[in-house]
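Asker: Quick one: the structure is below, and I'll ask about it shortly.
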Amino acid sequence: MDVLDDFDEIKICTHYEIDGKQTTVFPHGAEELEKAVPVYKTFRGWNQSTRNITTFEDLPKNARDYVQFIEDQTAVPFKIVSTGPKRSESIMK
């Protein structure tokens, strides 16, 4: 999370539009990739340090929303959220 601390906004590609059709599958092949237009969901940044935070509840609300969106979209819950380069700078969820 700490590498995202200073971004005003963070974008996540949610799907692609190819020839007017939407797909969540990454385009295969150069021709399809050339036509693909990524569609993004934009999140507001949190503009504050997440370093040394060790509980999910202590993250800034915008950071929690970002993590929750990724969990919801992938249907995979996070187990560890890194908040810095040290092993101790992690949230065990």
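Asker: Tally time: how many residues in segment 30-89 are surrounded by 14 or more Cβ atoms within 10 Å (Cβ to Cβ), of a type in the set (D, E) and under 28 Å from D19 (Cβ atoms)?
Answerer: 1
Asker: Also, quick follow-up: Residues to consider are Q73, Q68, Q48, Q22; find the one that is touching a residue at least 40 places away in the same chain (Cβ under 8 Å), at negative phi and not in a loop (DSSP other than H, G, I, E, B).
Answerer: Q73
Asker: Okay, moving on. Which residue, of E89, E9, E71, E57, is at pLDDT 95 or above and in contact with a helix residue (DSSP H, G or I) (Cβ under 9 Å, 6 or more places away or on another chain)?
Answerer: E57
Asker: So, of the residues in segment 13-22 that are surrounded by 13 or more Cβ atoms within 10 Å (Cβ to Cβ) and more than 19 Å from the chain's Cα centre (by Cα), which turns out to be nearest to Q73 (Cα to Cα)?
Answerer: The selected residue is E17.
Asker: Just checking, does segment 28-44 include any residue being in a loop (DSSP other than H, G, I, E, B) and within 17 Å of the chain's Cα centre (by Cα)?
Answerer: No: zero hits.
The values are calculated or read from the model by the stated rules, or taken from the named source; none is laboratory data. As the structure is a computational prediction, the values presented were derived from the model and not from experiment. Heads up, the Cβs are rebuilt from the backbone with ideal geometry, glycines too, and the neighbour counts pull from every protein chain shown.
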